[in-house]
Amino acid sequence: MDVRELRAVPGVRAGAVLARALTDLLDPAPGEVERLARAEELARLLETGRDVPAELRARLLARPGAAPAGLLLFVDQLEEYAVGGP
């Protein structure tokens, strides 16, 4: 099982935090700058695309070497997202 932790960061959109946590799973090879650019692109897709979460789930589960047990996201300080803006 793959495990990723999300932690609220003041001033950073929730979609951006999620995208940064998932980018390494989707494409573990790029360098740091490219990884950050891809994470920002994924964050925009998550925030604007209606079907993106479902497609993202399918791609995470279908990726080569994916853990058969799936993916666990641990969201630290979830209440920060719940009271924050969209």
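Which value, in debye to the nearest 20, describes the size of the charge dipole of the chain about its Cα centre when Lys and Arg Cβ atoms bear +1, Asp and Glu Cβ atoms bear -1, and nothing else is charged?
Details: 11 positive and 14 negative charges, 36 e Å.
For this selection, approximately 180 debye.
Once both labels are modelled 7 Å past Cα along the beta-carbon direction, what's the residue 77-residue 55 spacing in nm?
Output for this residue pair reads 3.2 nm.
For the chain, I need the span (max minus min coordinate) of the C-alpha atoms along each principal axis, in Å, sorted largest to smallest.
Principal extents (largest minus smallest coordinate, Cα): 36, 27, 26 Å.
Specify the residue with the greatest mean-square fluctuation among 37, 54, 19, computed from a Gaussian network of the chain linking alpha-carbon atoms under 10 Å apart.
Residue with maximal mean-square fluctuation among 37, 54, 19: 54.
With n ≥ 4 as the cut-off for DSSP H runs, can you work out [θ] at 222 nm for the chain, using -39500 (n - 2.57) per run divided by the number of residues, rounded to the nearest 500? Walk me through the intermediate numbers first.
Numbers: 4 runs with 47 residues, N = 86.
Calculated at 222 nm, the ellipticity per residue is -17000 deg cm²/dmol.
Dipole of the chain (Lys/Arg Cβ +1, Asp/Glu Cβ -1, origin at the Cα centre): which of 52, 29, 75 lies farthest to the positive side?
The Cα lying farthest towards the positive end belongs to 52.
Any read-out appearing in this document is the output of simple, stated calculations on the displayed coordinates, not a laboratory observation. Given the structure is predicted, the values throughout are model-derived calculations rather than measurements. In this analysis, Cβ positions are derived from the backbone assuming ideal geometry, glycine residues included, and neighbour counts consider all displayed protein chains.
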